[in-house]
1. Using the Cα atoms of the chain, I'd like the radius of gyration and the largest Cα-Cα distance, Dmax, both in angstrom.
2. Cβ neighbours within 10 Å, averaged per peptide: list 313-322, 204-213, 21-30, 176-185 in order, most packed at the top.
3. Tell me the per residue accessible area of the range 92-171 using a 1.4 Å probe; a whole number in Å² is fine.
4. State in Å² the accessible area per residue of the range 178-292; use a 1.4 Å probe, count heavy atoms of protein chains only, and round to the nearest integer.
5. Sum -39500 (n - 2.57) across every DSSP H segment of at least 4 residues in the chain, then divide by the residue count to get the 222 nm mean residue ellipticity, nearest 500.
6. Count the DSSP beta bridges whose two residues both fall in the chain, then state the antiparallel fraction as a percent rounded to the nearest 5.
7. For every other residue with a beta carbon closer than 12 angstrom to the beta carbon of residue 123, add +1 if it is Lys or Arg and -1 if Asp or Glu, then tell me the sum.
8. Can you give the Kirkwood hydrodynamic radius for the range 92-171, in Å, rounded to one decimal and based on Cα pairs?
Amino acid sequence: MNVHPSEMKPAPDRDEAKEALALLRSWARAASPEEVADLDPAIARLLPSGEVSNYPVLAREYPEDFATSAAYLASLPDLQNGPASLIRGTRQQLQHVGISNFRLPIRYHTRDNGDLTLETSVTGTVSLDAGKKGINMSRIMRSFYKHAEKTFSADVMEAALSDYITDLESLDARLQMRLSYPARVRSLRSGLEGYQYYDIAMELVKNAGVTRKFMHLDYVYSSTCPCSLELSEHARAARGQLATPHSQRSVARISVELVEEDCLWFEDLIELARRAVPTETQVMVKREDEQAFAELNAANPIFVEDAARLFCEQLLADPRIGDFRVVASHQESLHSHDAVSVLTEGETFAAQSLDPRLFQTLIHGR
């Protein structure tokens, strides 16, 4: 025997459904198409055939078997290539418009490790004339994919850049490729080796028919404060008081223009930075390495001003390098703020204003 709770309502009968349908149709005749669609697009099917012109019956299932034809493709709207009348805001030239952080694996030539395939983040931009609405961004990716299977060099980057300048009918363009480059680094005394990862970017810029090449490196090192070192030694000598100078992880972002035909390898720029400031953070460390690192820091105490000038000294000595910029950040263990410096050589990187978050981007975790 089935027992139904007293609060359960019986299903509506046919007459009640007919009344509800009449009410729904009456409402739909007076409502706007937007109101009907907002409630349920299927309501349009309930109206008599003469009243459905504003309520098209749309397919609600994905058409897996649909294939495009040339005529269909030609009929697709393309707002980005529309007339200048579609431009919103002022008709002003854009120096850069494109895509950022388009990721794919790329093979690179290296000086010491042959060819390596590394995950790469690509930024590609072109200039946009004041009278053009926009660009088809996917063309940048399609142009790049034509070259993605090749082992990358500056020549391949330039070919990719030229392709998307042509595809997008632009005059100026920029291509930047960011990667994390692994290099085996030997410990100071134990003989152990481990992989150090270096944030590197290669950049190609074409402006007014002139192509320029750049490389960027983030170099991570330890900086021991010279003042703190002397005060610690004074406490030992004057009062027999044990004291330790403060050191901290530090980062220099080195950006250089490449001006010679001879290749400046990733390894070359890394070694240049290491010659300038030898206290690079370590990968594999035993006790003897930790002691050696303490001695190395004591032999190379360094203010942030010193760091910028030491990097500058090495950069000036390399004929493959033209204009450059050094941005250094010593992420203080004494203070609750960082110590920073910027040094530029030439006009390329000189700037009156800095990105407000520039120094925050130099925080590195390893």
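The values are calculated or read from the model by the stated rules, or taken from the named source; none is laboratory data. Bear in mind that the values here come from a model prediction, so they are computed numbers and not experimental data. With ideal geometry, Cβ positions are generated from the backbone for all residues, glycine too; neighbour counts draw on all protein chains shown. In case anyone asks, the SASA skips ligands and DNA or RNA and just uses the protein heavy atoms, side chains included. Shrake-Rupley method; radii C 1.70, N 1.55, O 1.52, S 1.80 Å.
1. 32.3, 105
2. Working: 313-322: 15.5, 204-213: 14.0, 21-30: 12.1, 176-185: 17.4.
Highest mean packing first, the order is 176-185, 313-322, 204-213, 21-30.
3. On the way: 4060 Å² over 80 residues.
On a per-residue basis, 51 Å².
4. Working: 5760 Å² over 115 residues.
Per-residue value: 50 Å².
5. Working: 9 runs with 103 residues, N = 366.
Result for the chain, helices only: -8500 deg cm²/dmol.
6. Working: 70 of 72 bridges.
Restricted to the chain, the bridges split so that about 95 percent are antiparallel.
7. Working: positive: 103, 174, 178; negative: 203.
With Lys, Arg at +1 and Asp, Glu at -1, the net is +2.
8. On the way: mean 1/r = 0.0739 Å⁻¹.
Hydrodynamic radius (Kirkwood, Cα pairs) of the range 92-171 is 13.5 Å.
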